[in-house]
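See below for the structure under consideration.
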Amino acid sequence: MTDRSRLRERYLRDPLPVRLGGLAANLARVRSFSDHPAHGDVVAQLLEESAWFIEWAASDAPVGTQLMLVACQREIARWRRSWTEIWGDAARQAEVAERAGAWSQQFLSASGLMQAEV
């Protein structure tokens, strides 16, 4: 069993809100680690893992969340396609950090994990 298979198996054990929270945490890490040029490989790995999380969560998500997941997946794919150029340009690197942070907040909100219990 590959590491990816193990990660998938573990990820799918959690209910959808927890999976979306995990995706939000990964994207928040992208934002956080994007502040230093030496973290390019770590950020690239987090983006790859986030793409997997999106793929694995989409089928269980409601339609509105699926649309959000697809939009994020497309953006991550664009970033990954030109990663070397992005990471070599401080402005583009900052843009990725900002967008990843925004996606993180959207998925955290969609997860419902931060809603106050009544």
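The values are calculated or read from the model by the stated rules, or taken from the named source; none is laboratory data. Predicted model, so just to flag it, every value in this text is computed and none were measured. Every residue, glycine as well, gets a Cβ built from its backbone with ideal geometry; the counts of neighbours run over all protein chains shown.
Within the range 33-63, how many residues are part of a helix (DSSP H, G or I) and free of Cβ contacts under 8 Å to residues at least 24 places away in the same chain? Show your work before the answer.
Of all residues in the range 33-63, those part of a helix (DSSP H, G or I) come to 33, 37-58, 63.
Then drop every residue that is not free of Cβ contacts under 8 Å to residues at least 24 places away in the same chain, which leaves 33, 38-39, 41-42, 45-46, 55, 58, 63.
Selection size over the range 33-63: 10.
Being of a type in the set (V, I, T), surrounded by 18 or more Cβ atoms within 10 Å (Cβ to Cβ) and closer than 24 Å to V70 by Cβ is the requirement here; does V43 meet it?
On the way: of a type in the set (V, I, T): yes; surrounded by 18 or more Cβ atoms within 10 Å (Cβ to Cβ): yes; closer than 24 Å to V70 by Cβ: yes.
It is true that V43 is of a type in the set (V, I, T), surrounded by 18 or more Cβ atoms within 10 Å (Cβ to Cβ) and closer than 24 Å to V70 by Cβ.
Given (1) surrounded by 12 or more Cβ atoms within 10 Å (Cβ to Cβ); (2) at pLDDT below 95; (3) part of a helix (DSSP H, G or I), identify the lone condition not met by L113.
The number of the failed condition is (3).
With (1) in contact with a helix residue (DSSP H, G or I) (Cβ under 8 Å, 6 or more places away or on another chain); (2) under 26 Å from R6 (Cβ atoms) as the list, and D41 as the residue in question, which single condition is left unmet?
(1)
Quick check on R29: is it over 17 Å from W103 (Cβ atoms) and part of a helix (DSSP H, G or I)? Walk me through it before giving the result.
Details: over 17 Å from W103 (Cβ atoms): no; part of a helix (DSSP H, G or I): yes.
It is false that R29 is over 17 Å from W103 (Cβ atoms) and part of a helix (DSSP H, G or I).
Within the range 9-38, how many residues turn out to be of a type outside the set (F, W, Y) and under 17 Å from I76 (Cβ atoms)? Spell out the reasoning first.
If we filter the range 9-38 for residues that are of a type outside the set (F, W, Y), which is where we start, we get 9-10, 12-32, 34-38.
Imposing the further condition that a residue be under 17 Å from I76 (Cβ atoms) reduces the set to 19-20, 22-32, 34.
The qualifying residues number 14.
Go over the candidates L7, L67, L20 one by one and state the one that is within 23 Å of G112 (Cβ to Cβ), among the hydrophobic types (A, V, I, L, M, F, W, C) and surrounded by 13 or more Cβ atoms within 10 Å (Cβ to Cβ). If you could, list the steps in order and put the result at the bottom.
Working: L7 fails: within 23 Å of G112 (Cβ to Cβ); L67 fails: surrounded by 13 or more Cβ atoms within 10 Å (Cβ to Cβ).
Exactly one residue qualifies, and that residue is L20.
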